[in-house]
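Note sheet for the following structure.
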Amino acid sequence: MDSLNRMAIELVDEALEFAEELSVGAYELENEATVLDFGVEFDGGIEAGLLLTEIQTAGLATPGRDLTEVGGVPLPHVELSTDQPALSLLCSQKASWELTTEDFEGLGSGPARALVAEEAEFHRVGVADAFDLTALAVESDALPTAAAAEQVADLAEVDPNGVFLLAFPTASLVGSVSNAARAAELATFRLAELGYDPLEIVSAMGRAPVAPVADDEGEAIGRTNDAVAYGGTAHLVVREEFDRFDEVASSAGDEYGRPFVEVFDDLEWAFDEVPAELFAPAKVTIDVLGGGTYVYGETDEALLVESFDLR
């Protein structure tokens, strides 16, 4: 398999070439790292969000979109499929890099994680990447600083001029699109966390509505999580049977049925205290090759209508 970062950088080049058409900004920091603004000061858009998703998954997943109703209201939906779920979803798309410096804070996802390769996913999959350029998507309402780029460069062991940071707030159209594209990733991650070998997951597909853009980050975080946990669906093809398939859907959790903003408020926005089982799509089909096909969970359109403030 080719380098995850090399494949992603080819897509970053596409974003740079078509920045104006995508309503994306691009500039260099003083240490020559490159920032692409997908929604902080530029508008971004659905096409920009889909390209960002491709970069986050290192070009190993195919995103798409259509227009479908939620509670009788037409809303865009994002679908993503991949035949390399362990690599594209767990070792690239997963958002788990806490990019924190004295002057910046954001949540990183993308193939830069594979250059560090210290998370449990990389040990399970047996993958570590090597390349001299890298891309990290950073979810934040501020633009990354030189210090943030230096942290990425140091940990990924590349020069700062080889770092590309793709910034977007949750409260942006790109934020809504890229988070809706996580249904397959969250189902894959949930199954792996339950003890299933991620290398036995052959294919993954997910779909979720694009949450209307909220007017602040807190509400946006609630809405985008609701979009997947109450409107997201996923289909996984796996090789082996497992006795915990019924725990993959978000509806298996005790907190299911409450909007995320309520859950976050009760926990004073301590994200690491939110029950892990909520971070999953609402409904999941798991198809065992040569075996059974299992369906668990249910979507909740009424909750989405309330969360999205549809009128």
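Coordinate-derived values only; no laboratory data. Since the structure is predicted, the reported quantities are computational estimates derived from the model, not experimental observations. Neighbour counts run over all protein chains shown; Cβ positions are idealised from the backbone, glycine included.
Pairwise Cα distances in the range 73-115 exceed 12 Å in 68 percent of cases.
Where does the charge balance sit around Ala148 when Lys and Arg score +1, Asp and Glu -1, over other residues with C-beta under 9 Å from its C-beta? Neighbourhood net charge equals -3. The range 206-251 and the range 90-121 have Cα centres separated by 20 Å. Label zone of Glu41 (point 7 Å out along Cα→Cβ, amide N under 20 Å): in the range 122-160 this covers 136-150. Given +1 at the Cβ of Lys and Arg, -1 at the Cβ of Asp and Glu and no other charges, the dipole of the range 4-307 around its Cα centre is 1120 debye to the nearest 20. Projecting the Cα positions of Asn31, Ser109, Gly162 onto the charge dipole of the range 4-307 (unit charges on Cβ atoms of Lys, Arg, Asp and Glu, taken about the Cα centre) puts Ser109 furthest along the positive direction. Note that the range 145-150 has calculated 3J(HN,Hα) couplings of 9, 4, 5, 5, 5, 4 Hz, one per residue in order, obtained from phi through the Karplus relation 6.51 cos²θ - 1.76 cosθ + 1.60 (θ = phi - 60°); glycine and proline are x. Once the Cβ-Cβ distance between Glu298 and Arg239 is put in as r, and R0 is 30 Å, what FRET efficiency do you end up with, to the nearest 0.05? About 0.70, to the nearest 0.05. Taking Cβ atoms as reference points and 11 Å as the exclusive limit, the residues near Val238 contribute a net charge of -4, counting Lys and Arg as +1 and Asp and Glu as -1. Centre-to-centre separation between the Cα atoms of the range 1-64 and those of the range 260-298: 28 Å.
Computed over the range 4-307, the P(r) curve from all C-alpha pair distances, binned at 20 Å from the origin, holds 37, 58, 5 percent per bin. Peptides 196-208, 299-311 ranked from most to least packed by the mean count of surrounding Cβ atoms within 10 Å: 196-208, 299-311. Think of the range 4-307 as having a plus end and a minus end, set by charges on the Cβ of Lys, Arg, Asp and Glu; of Tyr230, Leu199, Val274, Leu199 sits farthest toward the positive end of this dipole.
Computed over the chain with a Gaussian network model linking Cα atoms closer than 10 Å, the most mobile of Val284, Val70, Val40 is Val70. Taking 7 Å steps out from each Cα toward its Cβ at Glu69 and Glu17 produces label points 4.1 nm apart. Among 57-65, 184-192, 129-137, sorting by the average number of other beta carbon atoms lying within 10 angstrom of each residue, highest first, gives 184-192, 129-137, 57-65.
Computed from the Cβ-Cβ distance with R0 of 30 Å, the FRET efficiency linking Glu255 to Leu199 stands at 0.50. All other residues with a Cβ under 11 Å from the Cβ of Glu21 taken together, and with Lys, Arg as +1 and Asp, Glu as -1, what is their net charge? With Lys, Arg at +1 and Asp, Glu at -1, the neighbours total -4.
Counting neighbouring Cβ atoms within 10 Å and putting the fewest first, the residues Thr100, Thr293 line up as Thr293, Thr100. Helical runs (DSSP H, four residues minimum) scored at -39500 (n - 2.57) apiece and divided by the length of the chain put the mean residue ellipticity at 222 nm at -9000 deg cm²/dmol.
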